[in-house]
Amino acid sequence: MDEYTPNHRSSIKFNDYMVSTYVDGTSCRFSIGLWNVNSTLINNIPRTNNHVEGYNSRLGSLSPVHPHIYRFRELLHDEHLFQHHHAEQSIAYPPRRYKLSEDINAQLIALLNEHSNGELTALELALECDKTVKTKLVKK
């Protein structure tokens with residue numbers, strides 16, 4: 001990463017943070033298996049945590065911020081019943097993913113295969129994955 005980092009104090013500081021937090025296998029804060037989506041793609045698991053955010057939003061909308069303990073217990077009981085029903089329903093009728101997500105996953109898996117066959121370098125893989133998921137710069 002260092003050869004691609006601009007020679008600017010804030011860029012070097014950011015690069016050092018990224019390496020120490022995510023990349024350096026011996027002392028990184030988060031293991032590579034935690035943030036790397038290669039195995040999730042291969043096992044057909046969602047790449048994002050949108051489903052978790054949706055669940056949190058649903059749970060937050062069902063009760064006030066600080067519910068009474070008995071109301072909270074009822075909420076958890078009702079939520080358990082709902083999730084149990086939802087799980088049974090999804091066995092009979094599995095939820096379909098959006099075609100765009102399926103297409104992106106297929107392209108990413110093809111890129112991973114090209115990388116494992118030696119057709120792409122790690123840098124080329126990163127650049128092609130970026131193009132595939134169409135990341136955008138967030139402007140403030």
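Kindly establish whether Phe30 is within 30 Å of Lys134 (Cβ to Cβ), not polar (S, T, N, Q) and not assigned by TED's automatic domain parsing to the domain that holds Lys134. Considered against the rule, which asks whether it is within 30 Å of Lys134 (Cβ to Cβ), not polar (S, T, N, Q) and not assigned by TED's automatic domain parsing to the domain that holds Lys134, Phe30 comes out as yes. Does Leu108 fit the bill of being under 30 Å from Leu125 (Cβ atoms), under 17 Å from the mean Cα position of the chain (by Cα) and at pLDDT 85 or above? So Leu108 passes the test. Do the conditions hold for Arg73, that is, is it of a type in the set (Lys, Arg) and over 28 Å from Thr121 (Cβ atoms)? Criteria met by Arg73. Restricting the first member to region 98-125 and to residues that are in contact (Cβ under 8 Å) with a residue 12 or more places away in the chain, and the second to residues that are in a helix (DSSP H, G or I) and of a type in the set (Val, Ile, Thr), the beta-carbon pairs closer than 8 Å and six or more apart or on different chains are Ile104/Thr132; Ile104/Val133; Gln107/Thr132; Leu108/Thr132; Leu108/Val133; Ile109/Ile42; Leu111/Thr132; Leu112/Ile42. If the condition is being assigned to a helix (DSSP H, G or I) and either surrounded by 11 or more Cβ atoms within 10 Å (Cβ to Cβ) or at positive phi (or both), then region 90-106 contributes Ser101, Glu102, Asp103, Ile104, Asn105, Ala106. Which pairs do you get when a residue that is over 16 Å from Glu3 (Cα atoms), found in region 13-28, comes within reach of a residue that is at pLDDT below 85 and assigned to a helix (DSSP H, G or I), reach meaning Cβ atoms under 6 angstrom, with the pair 6+ apart or on two chains? Taking only residues 6 or more apart or on different chains, the pairs are Cys28/Tyr22. Report yes if some residue within region 37-51 is at positive phi and more than 23 Å from the chain's Cα centre (by Cα); otherwise report no. Among the residues of region 37-51, not one is at positive phi and more than 23 Å from the chain's Cα centre (by Cα), which makes the answer no.
The values are calculated or read from the model by the stated rules, or taken from the named source; none is laboratory data. Because the structure is predicted, anything quoted here is derived from the model rather than measured. Counting neighbours? That spans all protein chains shown, and the Cβs are built from the backbone with ideal geometry, glycine included.
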